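Single-structure report; data block below.
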Amino acid sequence: MSAQLFVVATPIGHLDDMTYRAIDVLKSVSLIAAEDTRQSALLMKHYDISTPLTACHDHNESNKIDIIIDKLKNGENVALVSDAGTPLISDPGFKLVRAAQDHGIRVVPVPGACAAIAALSAVGLPSDHFSFEGFLSSKQSQRLIQLNKLKDNTHTMIIYEAPHRILDSVTDMVSVFGADREVGFAREITKTFETIKKMTLGDLQSFIANDHHQQKGEIVLVIAGAATEKDMQQEELDKLLNRLLQNLSVKAASQLAADLTGIKKKVAYQRALELSGAND
Ligand code: SAM
């Protein structure tokens with residue numbers, strides 16, 4: 001069987017988040033291409049993995065590719081790891097994976113931890129449609145341009161941010177998305193001081209400005225999408241029904257709301273029932 005390039009996810013904090021398969025693969029390959037060999041050596045030591053490591057990072061990836069492809073072509077299996085989480089996700093590896101494919105070498109994912117997905121799974125924002133935006137620019141002017149492009153997206157957006165930039169970045173988000181937009185803040189996931197919170201951007205700005213600990217460690221921001229027309233119509237309907245329900249019965253309030261907005265009577269009635277708590 002021809003050799004394979006395994007793309008192996010490693011923990012993002014808690015060492016127990018290593019999969020059995022990841023350990024087996026890393027023990028069985030001839031070579032591990034690592035973003036930082038010193039960093040990966042610690043993980044390998046913990047799991048008693050003695051496979052040789054070679055550095056493969058953003059600055060030498062192009063030169064290393066030929067060497068690694070030669071090994072693969074000689075029938076030796078190779079694994080790719082990054083410092084933490086899933087390689088290629090805001091981490092090196094794309095050029096190597098592409099080159100392996102171009103040479104007809106099978107690329108095998110060995111899935112595991114990824115900060116973006118871990119954050120999305122726990123912050124409590126819609127996860128049916130989302131985009132991963134990686135890191136925003138460190139330059140404010142560029143960052144504002146990027147945020148303005150994202151502003152009208154109606155899906156959830158996942159952003160990685162460095163701790164020393166978190167306050168500036170969130171401040172820019174408040175100015176572009178508005179203080180009321182919901183945001184998930186996932187800091188130090190799987191580590192001792194893990195913080196997972198959902199609040200408005202305005203509240204997050206105060207939260208991190210008032211607590212310097214929140215400006216430390218590793219952070220993922222999950223931004224709620226912009227309200228859709230349907231959301232806005234629902235909000236308007238709720239406002240109207242809540243007002244009418246102060247003086248009218250559910251039936252009369254929903255009838256009037258339907259007349260005024262053109263919404264179906266059945267829909268207005270159901271919503272009026274929910275708002276009045278009559279169907280509790
Ligand atoms: N490849 C990694 C992954 O699969 O998530 C991401 C690597 S990227 C260089 C590092 C960024 O990921 C950090 O700046 C932070 O935004 C996010 N990150 C990584 N580990 C994290 C953790 N334990 N808690 C929160 N964010 C984390």
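The values are calculated or read from the model by the stated rules, or taken from the named source; none is laboratory data. If you're wondering where the values come from, they're calculated on a predicted model, not measured in any experiment. Glycine gets a Cβ as well: all are built from the backbone with ideal geometry, and neighbour counts include every protein chain shown. Surface accessibility is based on the protein's heavy atoms, side chains included, excluding ligands, DNA and RNA. Shrake-Rupley method; radii C 1.70, N 1.55, O 1.52, S 1.80 Å.
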Checklist entry - Do the conditions hold for SER127, that is, is it more than 15 Å from the ligand (Cβ to nearest atom), of a type in the set (Ser, Thr, Tyr) and under 24 Å from the mean Cα position of the chain (by Cα)? => result yes
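Would you mind stating whether SER175 is away from the ligand (no atom under 16 Å from the Cβ), over 19 Å from GLY225 (Cα atoms) and hydroxyl-bearing (Ser, Thr, Tyr)?
Taking the combined requirement at face value, the residue does not satisfy it.
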Next on the checklist: Pull out all pairs, ordered by first then second residue, where Cβ-Cβ is under 8 Å, the residues are six or more apart or on different chains, the first lies in the range 1-19 and is within 14 Å of ALA118 (Cβ to Cβ) and at pLDDT 95 or above, and the second is small (Gly, Ala, Ser) and more than 11 Å from the ligand (Cβ to nearest atom).
Outcome noted: ALA9/ALA22; THR10/ALA22; THR10/SER40
Checklist entry - So HIS213 clears everything in (1) open to solvent by 40 Å² or more (accessible area, probe 1.4 Å); (2) out of contact with any strand residue (DSSP E or B) (no Cβ under 9 Å at 6 or more places or on another chain); (3) assigned to a helix (DSSP H, G or I) except one condition, right? Which one? => result (2)
Checklist outcome for this item: Of the residues in the range 89-131, those that are on the phi > 0 side of the Ramachandran plot and open to solvent by less than 30 Å² (accessible area, probe 1.4 Å) number 1
Checklist entry - Going by the structure shown, is GLY134 in contact with a Phe, Trp or Tyr (Cβ under 7 Å, 6 or more places away or on another chain) and surrounded by fewer than 17 Cβ atoms within 10 Å (Cβ to Cβ)? => result yes
Next on the checklist: Among the residues in the range 163-177, are any part of a loop (DSSP other than H, G, I, E, B), modelled with pLDDT of 95 or more and out of contact with any strand residue (DSSP E or B) (no Cβ under 7 Å at 6 or more places or on another chain)?
Outcome noted: no
Checklist entry - If you take the residues in the range 178-196 that are part of a strand (DSSP E or B) and not β-branched (Val, Ile, Thr), which one is farthest from the ligand (Cβ to nearest atom)? => result GLU182
Checklist entry - Which is in the same structural domain as SER90 (by TED's automatic domain parsing), open to solvent by 20 Å² or more (accessible area, probe 1.4 Å) and within 26 Å of the chain's Cα centre (by Cα), of ASP16, ASP70, ASP48? => result ASP16
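Just wondering, is there one or more residues in the range 199-208 that are at pLDDT below 95, in a helix (DSSP H, G or I) and open to solvent by 30 Å² or more (accessible area, probe 1.4 Å)?
From the range 199-208, those at pLDDT below 95 are none; that's our starting set.
Scanning the range 199-208 turns up no residue that is at pLDDT below 95, in a helix (DSSP H, G or I) and open to solvent by 30 Å² or more (accessible area, probe 1.4 Å).
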Item to check | Identity of the residue in the range 139-162, part of a helix (DSSP H, G or I) and within 16 Å of the ligand (Cβ to nearest atom), that ends up most open to solvent (accessible area, probe 1.4 Å) | outcome: GLN146
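Go over the candidates ILE219, ILE196 one by one and state the one that is among the β-branched types (Val, Ile, Thr) and without any contact (Cβ under 8 Å) to a residue 60 or more places away in the chain.
Values: ILE196 fails: without any contact (Cβ under 8 Å) to a residue 60 or more places away in the chain.
Being among the β-branched types (Val, Ile, Thr) and without any contact (Cβ under 8 Å) to a residue 60 or more places away in the chain holds for just one of ILE219, ILE196, which is ILE219.
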